[in-house]
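Enquirer: I'd like to ask you about the structure that follows.
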Amino acid sequence: MKKKVTTLGQFIIEKQADFPFSKGELSRLLRDIGIAAKIVNREVNKAGLVDILGEVGEVNVQGENVKKLDVFADEAFISALSSGGECCAIASEEQEEIVSIENLVSRDAKYVVAIDPLDGSSNIDVNVSIGTIFAIYRRTSLSGCGTNEDFLQKGTELVAAGYIVYGSSTMLVYTTGRGVNGFTLDPSIGEFCLSHPNMTFPEGGNMYSINQGNFVHFPNGVKEYIKWAQEDDKATNRPYSLRYIGSLVADFHRNLIKGGVFIYPPTAAAPKGKLRLLYEANPLAFIAEQAGGKASNGFKRILEIQPETIHQRTPLFIGSREMVEKTEDKMLKYMATEVK
Ligand code: AHM
Ligand code: MG
């Protein structure tokens with residue numbers, strides 16, 4: 001018997017029925033993100049052809065300007081969200097200031113979107129997985145086309161969040177706070193199809209992901225955790241395996257499926273770590289919690305951090321619940337003497 005295929009569009013509409021008074025704005029916003037994801041996917045998949053089609057900055061054989069992929073992705077998402085009419089402002093990793101959408105349909109829209117259009121920049125040119133991360137908030141300003149304050153909400157206020165991983169296949173994973181669902185792009189029909197319903201972290205994860213090359217700069221709690229992860233102990237499945245792609249989305253996605261913890265710690269030189277709270281840590285934290293996992297800055301739940309600026313950074317410990325808790329225990333031990 002043929003398996004029933006549910007596309008992202010169908011799934012979003014089915015889920016909307018759970019909210020009888022919903023007017024479908026969030027559904028349309030998610031649909032717009034899905035469309036932009038397909039456009040970016042098309043471009044990511046031909047990235048290796050730039051030598052044939054034209055170098056970045058040049059005009060290619062089609063007479064088009066060849067753009068850097070991260071700039072292309074930024075424009076694709078901004079354009080889809082601007083024309084969709086359900087989002088009044090965007091905070092993007094690629095843009096210093098928020099982008100207010102001033103057209104008539106968007107200016108009074110209910111939602112704002114924080115986005116990292118193409119994450120994992122060091123992997124773009126080398127055929128390694130990269131991703132997009134997005135976070136959707138209900139605006140707090142009453143009218144007009146969005147303000148900085150609309151974005152400075154705690155992660156606990158997120159309405160929806162998700163990511164797209166451009167890997168050996170392309171997947172879109174998202175949550176609206178009722179579990180996490182994953183969709184794989186079927187290139188033959190050009191649709192994201194439900195492939196991973198109700199995603200949860202498996203028990204007994206045994207992978208840790210961290211840029212261990214920076215070991216000397218890590219806080220003592222993280223150093224101790226790494227040493228502990230490398231000990232031999234059958235009962236706890238140790239030594240753990242080290243897996244680090246260097247693309248947050250891909251590392252997070254693998255850990256969600258296989259069980260594991262991702263760590264980007266604070267260091268003395270970068271006490272706030274590297275990753276961004278609004279469009280990297282918060283959306284993944286929301287997904288992690290919805291999938292039974294946990295996300296912390298080492299001491300505090302990510303979703304409870306009050307953002308002060310749109311590009312603010314945070315240390316990040318995220319993944320399988322018990323593994324994140326172990327890292328927190330180690331961080332706590334040195335709390336009095338370490339960066340917070
Ligand atoms: P980017 O926004 O420049 O792509 O940086 C974010 C990326 C994450 O995807 C990844 O987890 C991290 O940077 C890797 O950093 P590092 O090279 O320091 O290990
Ligand atoms: Mg990034």
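Since every read-out is calculated from the coordinates, none of them should be taken as a lab result. No experiment lies behind these values; they were computed from the predicted model shown. Cβ atoms come from the backbone with ideal geometry, glycine included; neighbour counts cover every protein chain shown.
Enquirer: Starting from the Cα of Gln230, move 7 Å in the Cα-to-Cβ direction to define the label point; list residues of the stretch 181-218 whose amide nitrogen is under 15 Å from there.
Expert: Once the point is set 7 Å along Cα→Cβ of Gln230, 208-218 turn out to lie under 15 Å by backbone N, inside the stretch 181-218.
Enquirer: Hey, another quick one. Could you work out the mean projected area of the convex hull around the alpha carbons of the stretch 8-196, in square nanometres to one decimal? Before the final figure, lay out each step's value.
Expert: Working: hull surface 46.4 nm².
The Cα convex hull of the stretch 8-196, projected and averaged over all directions, gives 11.6 nm².
Enquirer: Separate question: Less than 20 Å apart at the alpha-carbon level, and either on another chain or at least 8 residues along: which aspartates and glutamates does that give for Lys3?
Expert: Glu14, Asp186, Glu191
Enquirer: Sticking with this one: Using modelled backbone amide H atoms (1.01 Å from N, in-plane), which distant-in-sequence or interchain residues come within less than 5 Å of Ser92's amide H?
Expert: Val99, Ile115
Enquirer: Also, quick follow-up: What is the fewest-to-most order of Phe299, Phe201 by other Cβ atoms lying within 10 Å of their Cβ? Mind showing how you got there, number by number?
Expert: Values: Phe299 14, Phe201 25.
Going from sparsest to densest Cβ surroundings: Phe299, Phe201.
Enquirer: Roughly how many nanometres apart are two label points built 7 Å out from the Cα toward the Cβ at Ser188 and Thr337?
Expert: For Ser188 paired with Thr337, the spin-label model returns 6.1 nm.
Enquirer: Given 4 °C and 1.567 mPa s, how large is the Stokes-Einstein diffusion coefficient of the chain in µm²/s, with Rh as the Kirkwood radius over Cα pairs?
Expert: Numbers: Rh = 20.7 Å.
Answer from the Stokes-Einstein relation: 63 µm²/s.
Enquirer: Then there is this: Would you mind checking the stretch 265-282 for residues with the amide N under 20 Å from a putative spin-label position 7 Å along Cα→C-beta of Phe299?
Expert: The answer is 265-278, 281-282.
Enquirer: If the only charges are +1 at each Lys and Arg Cβ and -1 at each Asp and Glu Cβ, what is the size of the charge dipole of the chain around the Cα centre, to the nearest 20 debye?
Expert: Values: 37 positive and 42 negative charges, 224 e Å.
Roughly 1080 debye for the chain.
Enquirer: Something else about it: In the structure displayed, which of Lys223/Lys258; Lys154/Lys333; Lys294/Lys326 lie more than 19 Å apart, Cα to Cα?
Expert: Working: Lys223/Lys258 23 Å; Lys154/Lys333 27 Å; Lys294/Lys326 11 Å.
Going by Cα-Cα distance, Lys223/Lys258; Lys154/Lys333 fall outside the 19 Å limit.
Enquirer: Still on this structure, I have one more. Taking the DSSP beta bridges in the stretch 178-310 as the whole, what percent of them are antiparallel, to the nearest 5?
Expert: Around 60 percent antiparallel, to the nearest 5.
Enquirer: Take Ser83 and Arg138, extend 7 Å from each Cα along the Cα→Cβ direction, and tell me the distance between the two endpoints in nm.
Expert: 3.0
Enquirer: Let me ask another. Modelled label-to-label distance, Thr200 and Lys3, 7 Å Cα→beta-carbon offset: nm?
Expert: About 2.0 nm, to one decimal.
Enquirer: For the stretch 207-339, what is the Kirkwood estimate of the hydrodynamic radius, computed as the reciprocal of the mean inverse distance between distinct Cα atoms, to one decimal in Å? Intermediate values should be presented prior to the final figure.
Expert: On the way: mean 1/r = 0.0683 Å⁻¹.
Final number for the Kirkwood radius of the stretch 207-339 is 14.6 Å.
Enquirer: Cross-link partners among lysines for Lys272, C-alpha distance below 16 Å, same-chain residues fewer than 8 apart left out?
Expert: Lys300, Lys340
Enquirer: Still on this structure: How much length is gained on full extension from Lys23 to Asn148, taking 0.36 nm per residue of separation minus their Cα-Cα distance? Mind dumping the intermediate values first?
Expert: On the way: separation 125, 0.36 × 125 = 45.00 nm, distance 2.57 nm.
Taking 0.36 nm per residue and subtracting the Cα distance, the gain is 42.4 nm.
Enquirer: I'd like the distance between the alpha-carbon centres of the stretch 250-291 and the stretch 93-160, rounded to an integer number of Å.
Expert: Value for the Cα centre distance between the two parts: 18 Å.
Enquirer: Need one word for the stretch 205-260: rounded, prolate or oblate. Basis is the Cα gyration tensor (sqrt eigenvalues a ≥ b ≥ c); a/c below 1.5 gives rounded, then a/b vs b/c decides. Don't jump to the answer; show the numbers that get you there.
Expert: Working: a/c = 2.50, a/b = 1.06, b/c = 2.37.
Verdict is oblate for the stretch 205-260.
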